[in-house]
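The values are calculated or read from the model by the stated rules, or taken from the named source; none is laboratory data. Note that the coordinates shown come from a computational prediction; the quantities given were computed from them, not determined experimentally. No Cβ is skipped: glycine too gets one built from the backbone with ideal geometry, and neighbour counts run over all protein chains shown. Areas reflect the complete protein model, heavy atoms only, side chains present, ligands, DNA and RNA absent. Shrake-Rupley method; radii C 1.70, N 1.55, O 1.52, S 1.80 Å.
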Amino acid sequence: MRYQLPTRLQAAILDWAGTVVDFGSFAPTRIFVEAFATMGIQITLNEARGPMGMGKRDHIRTLCHQPEVSQRFQQRLGRLPNDNDVDEIYKRFMPLQVAKVGEYSALIPGALQAIADLRKAGLKIGTTSGYPKVVMDKLVPLAAAAGYSPDYTIATDEVPKGRPSPAQSLANVIAFGIDDVAACVKVDDTLPGILEGRSAGMWTVALRFSGNLLGLTWEAYQQLSTQQLTKERQRIDQIFAPSKPHYIIDTIADLPSIVTQINTRLAQGESPTNS
């Protein structure tokens, strides 16, 4: 037998918040701020955005161990944060997240048309998320009511290890019966999400403006000048650079043309692991 590289993409594996729903990725970030506040620890929205893309418990642990946040624990509680604090904040975070996720479930403009175009191109639509299953169980029906029903969804707590591990993306590959990860493209607005796709051996597409790194509402994004957009593109591209995405685009609305480009590269014998 001889190895044969796929000649076309077979699946797009999409993130949720900041990629298909919740322009600006506000649902998780604002809830982190609220959850820490219940412990008497104040964090900013920008601080909450820092580790975005990880599973939520890992996200909380990472925040707790940031020097500035650890110092606030020391000032407030007379000690540094520990695993019990992580568990307690997560316990407080989860009910807030479940209750609030519906408020930030609106589809990102252009998402439905882009996904329809991908389906016409023969792609399955898979998904991964940093949300645990209890949150996804609420979000998925809301998205379906708005017209978005992916072929497969897996939450961060349904695999042994969350992002940047490839486990969730590879679960999609198994569910779809895809023979080669090179036939998949992973799309995400966070560095851990891009690393997830990279470590799975897939093509990767990073999103600049709809997610965590810009952190604006759709309305505020629409108000940015051409000069401001150019500046933000340069800033965000530099942030994404260490994760080595194959492509960086503004929003999911730009994805269909990238799929066409990837198909061309596959047909020419290019592999995502060598690009």
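What pairs come up if the first residue lies in segment 26-49 and is within 21 Å of Trp16 (Cα to Cα), the second is modelled with pLDDT of 80 or more and among the acidic types (Asp, Glu), and their beta carbons are under 9 Å apart, counting only those six or more places apart or on different chains?
Phe26/Glu103; Ala27/Glu103; Pro28/Asp22; Phe32/Glu47; Val33/Glu47; Glu47/Glu68
Does segment 160-178 contain any residue that is closer than 20 Å to Arg119 by Cβ, open to solvent by 30 Å² or more (accessible area, probe 1.4 Å) and without any contact (Cβ under 8 Å) to a residue 40 or more places away in the chain?
The answer is yes; a qualifying residue exists.
Restricting the first residue to segment 256-275 and requiring it to be within 20 Å of Ser199 (Cα to Cα), which pairs with a second residue that is in a helix (DSSP H, G or I) and open to solvent by less than 20 Å² (accessible area, probe 1.4 Å) meet a Cβ separation below 6 Å and a spacing of at least six or different chains?
Ser271/Ala182; Pro272/Ala182
The rows are residues; the columns are (1) in contact with a helix residue (DSSP H, G or I) (Cβ under 7 Å, 6 or more places away or on another chain); (2) more than 21 Å from Lys56 (Cβ to Cβ).
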site	(1), (2)
Val98	yes, no
Ser105	yes, no
Leu118	yes, yes
Ala121	yes, yes
Thr127	no, no
Gly130	yes, no
Lys133	yes, no
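If a residue has to be within 15 Å of the chain's Cα centre (by Cα), closer than 10 Å to Val21 by Cβ and either modelled with pLDDT of 95 or more or open to solvent by 50 Å² or more (accessible area, probe 1.4 Å) (or both) to count, how many in segment 105-138 make the cut?
3
For Ala12, which of the numbered conditions (1) of a type in the set (A, V, I, L, M, F, W, C); (2) touching a Gly at 6+ places or on another chain (Cβ under 8 Å); (3) over 30 Å from Ile178 (Cβ atoms) fails to hold?
With respect to (1) of a type in the set (A, V, I, L, M, F, W, C); (2) touching a Gly at 6+ places or on another chain (Cβ under 8 Å); (3) over 30 Å from Ile178 (Cβ atoms), Ala12 is out only on (3).
Name the residues in segment 18-42 that are surrounded by fewer than 22 Cβ atoms within 10 Å (Cβ to Cβ) and outside any helix (DSSP H, G or I), would you?
Thr38, Met39, Gly40, Ile41, Gln42
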